[in-house]
1. Please determine, by comparing only the residues of the range 184-210 that are free of Cβ contacts under 8 Å to residues at least 60 places away in the same chain and in contact with a helix residue (DSSP H, G or I) (Cβ under 6 Å, 6 or more places away or on another chain), which one is farthest from residue 52 (Cα to Cα).
2. Yes or no: residue 235 closer than 24 Å to residue 115 by Cβ and either without any contact (Cβ under 8 Å) to a residue 40 or more places away in the chain or small (Gly, Ala, Ser) (or both)?
3. Please report, ordered by residue number, the helices (runs of 4 or more DSSP H) entirely within the range 133-244 with at least 2 residues that are assigned by TED's automatic domain parsing to the domain that holds residue 30 and touching a Leu at 6+ places or on another chain (Cβ under 9 Å).
4. Considering 151, 230, which residue is closer than 23 Å to residue 56 by Cα and either loosely packed, with under 14 Cβ neighbours inside 10 Å or not polar (S, T, N, Q) (or both)?
5. Any residue in the range 148-165 that is touching a residue at least 24 places away in the same chain (Cβ under 8 Å) sitting within a Cβ distance under 8 Å of a residue that is of a type in the set (Ser, Thr, Tyr) and not in a helix (DSSP H, G or I)? List the pairs, counting only those 6 or more apart or interchain.
6. So, in the range 99-115, how many residues would count as being surrounded by fewer than 24 Cβ atoms within 10 Å (Cβ to Cβ) and over 18 Å from residue 183 (Cβ atoms)?
7. For the range 224-260, how many residues meet the condition of being under 24 Å from residue 51 (Cβ atoms), more than 26 Å from the chain's Cα centre (by Cα) and of a type in the set (D, E, K, R)?
8. Which residues, counting only those in the range 246-262, are part of a helix (DSSP H, G or I) and of a type in the set (S, T, N, Q)?
Amino acid sequence: MSERSIELDIRNGVGHVTLSQPERGNPFDDRFCAELCEISIECDENPAVRAVLIRAKGRFFSVGADLKWLGASRERLPYLLKGATSDLHMAVSRFARADAPVVVAVHALATGGSVALTAMADFALAARSAKFYAAFNAIGFVSDSSGTYFLPRRVGSRKAAEFIMLNQTWSAEEAERNGLVNRVVEDDALDDEAVKLAEHLAAGPTLTFGEMKRLFLSSTDQPLETQIELEARAIARCSRTQDSWDAIQAIMEKRPLTYQGR
């Protein structure tokens with residue numbers, strides 16, 4: 001068994017987050033949730049991380065919740081869930097609000113909470129053989145991991161209700177058609193395409209990406225006048241960054257643009 005549920009490796013500006021318990025199907029349990037929270041904070045705080053790429057090892061992306069862990073004690077189960085979700089949900093919040101864009105590359109079956117993580121990501125790629133299974137209702141649970149927040153935003157409230165409440169499984173093509181993933185690529189091309197996208201984002205204006213991510217998060221909850229004031233304040237903050245000033249000068253001087261992430 002791997003010493004960790006999740007590995008983090010930072011290279012070329014990308015935080016490579018890898019679910020690393022393939023022999024167990026990369027399940028969600030208290031250990032997984034704690035490690036994901038720890039890694040999300042590192043990715044949020046470490047200036048070397050300018051994009052995040054989430055992938056998994058093994059024949060599953062993730063089987064979702066570890067049923068052996070859930071089924072160990074009926075009396076303790078609510079306590080276990082509240083403890084684990086406190087870490088899991090903080091991880092989701094850190095990734096969603098961080099400056100670094102998040103890319104997820106799903107190579108195989110994604111179940112339950114890992115579908116919610118796919119919806120949370122700013123960009124999602126799926127291998128042609130990937131599948132997405134709701135799973136929560138099958139064990140009498142509601143969606144967690146931000147599924148009730150991000151799934152309706154990605155696929156619409158009707159499709160989200162169908163997927164979760166009818167316990168559906170979507171193929172990669174259905175996930176693309178419904179808006180859960182950006183695009184489907186051939187299985188043997190997934191890793192290369194995902195790394196290429198993550199490194200492209202890592203070379204961009206990182207602080208501006210963060211402002212844009214947070215504006216997207218607030219866009220469905222705020223009145224028009226509030227949202228456009230948030231835009232005005234965000235664009236003013238962007239204008240103070242070195243990347244913004246350098247880009248304006250480079251365009252005027254007709255020279256190549258290079259962003260430093262500051």
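The values are calculated or read from the model by the stated rules, or taken from the named source; none is laboratory data. These numbers come from a predicted model, not from an experiment. Backbone-built Cβ (ideal geometry, glycine too); neighbour counts: all protein chains shown.
1. 184
2. Working: closer than 24 Å to residue 115 by Cβ: no; either without any contact (Cβ under 8 Å) to a residue 40 or more places away in the chain or small (Gly, Ala, Ser) (or both): yes.
When the stated conditions are applied, residue 235 does not pass them.
3. On the way: elements: 147-155, 157-165, 172-178, 190-202, 206-218, 224-239.
The qualifying helices (runs of 4 or more DSSP H) are 147-155, 157-165, 190-202.
4. Numbers: 230 fails: closer than 23 Å to residue 56 by Cα.
Matching residue, one of 151, 230: 151.
5. Listed by first residue and then by second, the contacts come to 151/143; 153/220; 164/143.
6. 2
7. Of the residues in that region, 2 qualify.
8. Here is the first cut: in the range 246-262, the residues part of a helix (DSSP H, G or I) are 246-252.
Residue satisfying the conditions is 249 alone.
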